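The values are calculated or read from the model by the stated rules, or taken from the named source; none is laboratory data. Model, not experiment: these values are computed from the prediction. Note that each Cβ is placed from the backbone with ideal geometry, even for glycine, and that neighbours are counted across all protein chains shown. Just the protein is used for accessible areas: all its heavy atoms, side chains included, with ligands, DNA and RNA removed. Shrake-Rupley method; radii C 1.70, N 1.55, O 1.52, S 1.80 Å.
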Amino acid sequence: MNYNWNWGIFWELSPDASGTYLHTLWLGLNWTLATALTAWVFALLLGTVVGTLRTLSGGWLPRLANAYVEVFRNLPLLVQMFLWFFVVPELLPKDIGTWVKQLPNASFWTAVVALAFFTSARVAEQVRAGIQSLPRGQTMAGTALGLTLSQTYRYVLLPMAFRIILPPMTSEFMNIIKNSAVALTIGLMELTARARSMQEFSFQVFEAFTAATLIYLAVNGVVVLAMRMLEKRVAVPGYMGGKP
């Protein structure tokens, strides 16, 4: 293969004169992390609520929560991203739709919303599985102590459930970082979009995407190490892998 390798491209000035190509990738990483972290906060909160509702017995709330999960879990993220960006503003009242479309960094907020709803459905499934994996005696113990149902969930069930589901939740956190790359399709200049822009201007495709790959690996490596430390810190001795 006749390819002109140029690893010094990262220190060359980018066409927009905002800095070097390395600085361009750094800006993309900032947008990636901002998008992923903001979406994760909303996804974790919403997913916890929906997952908890799914464990209730009877009533319309569990059915509504189940429908929520099935809708957002079974639609591809790319489709949801397009729906939020192109379709939803057109369905809103004209003034509100215009305001949404003219928001500063509209692609960022759209990506956050799409990622939050998509990931919250997956988090809800993890939370449901974690709660239902607990012995029934824990709920009974909470009732015996005089706790209300909401207090039993808050102080007994959810703390233990989250300890159990930390490994799959780590995967979901890593997924939301990687899934943020889909936002390039609606104009968000995150890491993958910056790498693609770099290769389009410099024609150094291998260098651009090699750098992006290494950055993703480094970021997710830090996430894995941090979550392993958290698992050890919150482990209950003698329970679910906790040391006696």
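If you plug the beta carbon distance of LEU92 and PHE203 into 1/(1 + (r/R0)^6) with R0 = 41 Å, you get a FRET efficiency near 0.45.
For the chain, build the charge dipole from Cβ charges (+1 Lys, Arg; -1 Asp, Glu) around the Cα centre, then report which of VAL79, LEU214, SER150 sits farthest towards its positive end. So the residue we want is SER150. Using a Gaussian network model of the chain in which every pair of alpha carbons under 10 angstrom is joined by a spring, one finds that among ALA161, ALA17, ALA114 the greatest mean-square fluctuation is at ALA17.
Tell me, what is the per residue accessible area of the chain in Å², probe radius 1.4 Å?
Here the per-residue accessible area is 57 Å².
Each label point was placed 7 Å from the Cα along the Cα-to-Cβ direction; for LEU45 and VAL236 their separation is 2.7 nm. Built from the Cα atoms of segment 110-150, the convex hull projects on average onto 3.6 nm², one quarter of its surface area. Per-residue extension of 0.36 nm, minus the Cα-Cα distance of SER57 and GLU70, leaves a gain of 2.8 nm for this segment.
Protection proxy ranking for 178-184, 116-122, 220-226, 163-169, using the average of other Cβ atoms within 10 Å per residue and placing the highest first: 116-122, 178-184, 163-169, 220-226. Any idea what log10 I(q)/I(0) is at q = 0.09 Å⁻¹ for segment 106-244, Debye with uniform C-alpha scatterers and no solvent? Scattering profile of segment 106-244, log10 relative to I(0): -0.43.
Note on the chain: GNM, Cα springs under 10 Å; of PHE72, PHE203, PHE162, the largest mean-square fluctuation is that of PHE203. Solvent-accessible area of the chain (1.4 angstrom probe, protein heavy atoms only): carbon and sulfur portion equals 67 percent. Cα centroids of segment 34-54 and segment 158-194: 11 Å apart. Binned at 5 Å from 0, what are the whole-percent values of the Cα-Cα distance distribution for the chain, short to long? With a bin width of 5 Å, the distribution comes to 1, 6, 11, 13, 14, 13, 12, 10, 7, 5, 4, 2, 1, 0, 0. By how many degrees, between 0 and 90 and to the nearest 10, does the Cα long axis of helix 166-179 differ from the longest principal axis of the chain? The helix 166-179 is inclined about 30 degrees to the chain. In this structure, MET140 and MET229 have a Cβ-Cβ separation that, at R0 = 35 Å, corresponds to a calculated FRET efficiency of about 0.55.
The helix-based estimate of mean residue ellipticity at 222 nm for the chain, built from -39,500 (n - 2.57) per DSSP H run of four or more residues and divided by its residue count, is -22500 deg cm²/dmol to the nearest 500. Sorting 91-98, 35-42, 8-15, 207-214 by their mean Cβ neighbour count within 10 Å, with the most densely packed peptide first, gives 35-42, 207-214, 8-15, 91-98.
Given in Å, the Rg to one decimal and the Dmax to the nearest whole number for the Cα atoms of segment 42-183 are 17.8, 55. The equivalent ellipsoid that matches the C-alpha gyration tensor of segment 1-104 spans semi-axes of 41, 21, 14 angstrom, in descending order.
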